[in-house]
Amino acid sequence: MPVSSHGDVELSDSSINARSRTLNQFLAGVELKAFKIAQAALRHEDDALDAVQDAMLQLARAYADKPAEEWKPLFYRILENRIRDMQRRRTVRGRVIAWMPFRGDEDDDEPDPIAQAPSNDPSPVKKLELAEAMGALEKALAELPRRQQQVFLLRTLEGLDVAETAVAMGCSEGSVKTHYFRALQALREQLGDLV
Amino acid sequence: MNPDSEQLTDFERNARRVLEESVLRVDGRVRSRLNQARQAAVEAASTRPHPIFWRVFTLVPTAGAAAAAILVALVMWHGQPQAELPFAENARPTAEDLDLLADGDGLDLVQDGDGSGSFYEWAADQSEAGSGTETDT
C-alpha cells in the first residue's frame, strides 16, 4: 500500500484501480455483443472468441489511458481489424489446404452439454418464434456484404451512432449511412415480415 | 444520431429485439471464456509499462553511470605515461633518423669504430672520471 508521505503515488494507485474497474465494466458491457458481431463475420465460435479476446487485450494495453467515452468505437475498430486479419489468414490457409493431398477433419470439437444450456428460458411458442426469426436474421446477415453486415450490427445491436460507427469502421459518415441504408433494404427484401 | 434517439422503423426495432435476444442466449462456455479474456485484459491494463516520460526518468541513473564510465576511460587513455609515445614515434622513420643514417660519422660513433668499446660506454666513463678527461679526447 502506498505511504502517506507519497501522496502522488497514492493518487496514482487509486486512479489505476478506478480505471481498472471502469475498463472491466466497459468490457463486460460490450463482450457479448462483440462476440455476436465477430461470430457473424467469422462464422466460427472459437475464432470469434479469439478475435474478441485479442481486441480486449489490445484496447487494454494501448488505449486504457484514453477517456472511457472513446473506448467503444476504438474497441470495435480493433475488433474489425482483427476480424479482417483472421479472414485473410483463413483465405490463405484455405488455398494452401486445397493444394494438400491429405487433410484431416477440422470439425472435431465436441459440444459441451453444460455450455450449450441457454441462459434465459421463455415460453416454448415464443422461443420457437424467436429461434426462427434469429435463424432467418442470422442467415440473411451472413449473406450481406461484409461492410453492410458490420454497419447493421454496430448500429442496430451495439447502438453506435453514425460518427462512432464511422470511427469503428474507418470510413466516412456518409459511407456509414449508405451501407446502413443498403443493408436495411437487403434485409427487408429477404426477411419481409419474418422479423 | 444514435439509433435510440432516431425514429426507428418496425423492422429495425424487431431486428434489434431479435439480435438482443440472441445475445442473451449465448451459452455458458462462451460467457466463461469472455469473462476470462476480460480479466486478462484488465490485468494487462494495470500492469502495462509506464509512460515514456517515466521510462526516460528511470533511465537517468543508468545513462549517468554509462557516461561516467566513458569519461573515466577517456581520462585513463589520455593520462597514460608519455614514455610510451617515443616508442610509437620511433616505429616510423623520422627526418632525424634519416639524417643519422646518412651521416657516416654519426654511425661510427655508435658502431665502435676502433674496437675498444662503444661510444656510449666511453662517454659514460669520461663523465665518471671528471671534467679533466675532456682534454684527453
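The values are calculated or read from the model by the stated rules, or taken from the named source; none is laboratory data. The structure presented is a predicted model; accordingly, all values stated were derived computationally and were not measured. A quick note on method: Cβ atoms are made from the backbone with ideal geometry, for glycine too, and the neighbour counts reach across all protein chains shown.
In segment A:143-153, is there at least one residue being within 13 Å of another protein chain (Cβ to nearest Cβ), closer than 13 Å to B:Val18 by Cβ, modelled with pLDDT of 95 or more and surrounded by 12 or more Cβ atoms within 10 Å (Cβ to Cβ)? There is at least one residue in segment A:143-153 that is within 13 Å of another protein chain (Cβ to nearest Cβ), closer than 13 Å to B:Val18 by Cβ, modelled with pLDDT of 95 or more and surrounded by 12 or more Cβ atoms within 10 Å (Cβ to Cβ). Residues in segment A:25-58 that are of a type in the set (Lys, Arg) and at the interface with chain B (Cβ under 7 Å from one of its Cβ atoms) were compared, and the one that is surrounded by the fewest Cβ atoms within 10 Å (Cβ to Cβ) is A:Lys33. Figure legend. Inter-residue proximity from segment A:125-152: first residues on the phi < 0 side of the Ramachandran plot and not assigned by TED's automatic domain parsing to the domain that holds A:Ala41, second residues surrounded by fewer than 18 Cβ atoms within 10 Å (Cβ to Cβ) and modelled with pLDDT of 95 or more, beta-carbon distance below 6 Å, spacing 6+ or different chains. Indicated pairs: A:Gln148/A:Arg182. Out of all the residues in segment A:73-120, which are within 23 Å of B:Leu34 (Cβ to Cβ), modelled with pLDDT under 70 and among the hydrophobic types (A, V, I, L, M, F, W, C)? Within segment A:73-120, A:Ile114, A:Ala115, A:Ala117 qualify. Among all positions in segment A:155-171, there is at least one residue which is surrounded by 14 or more Cβ atoms within 10 Å (Cβ to Cβ), within 12 Å of chain B (Cβ to nearest Cβ), assigned to a loop (DSSP other than H, G, I, E, B) and among the acidic types (Asp, Glu).
If you filter segment B:21-57 down to residues that are more than 7 Å from chain A (Cβ to nearest Cβ) and modelled with pLDDT of 90 or more, you find that the one that is surrounded by the most Cβ atoms within 10 Å (Cβ to Cβ) is B:Arg31.
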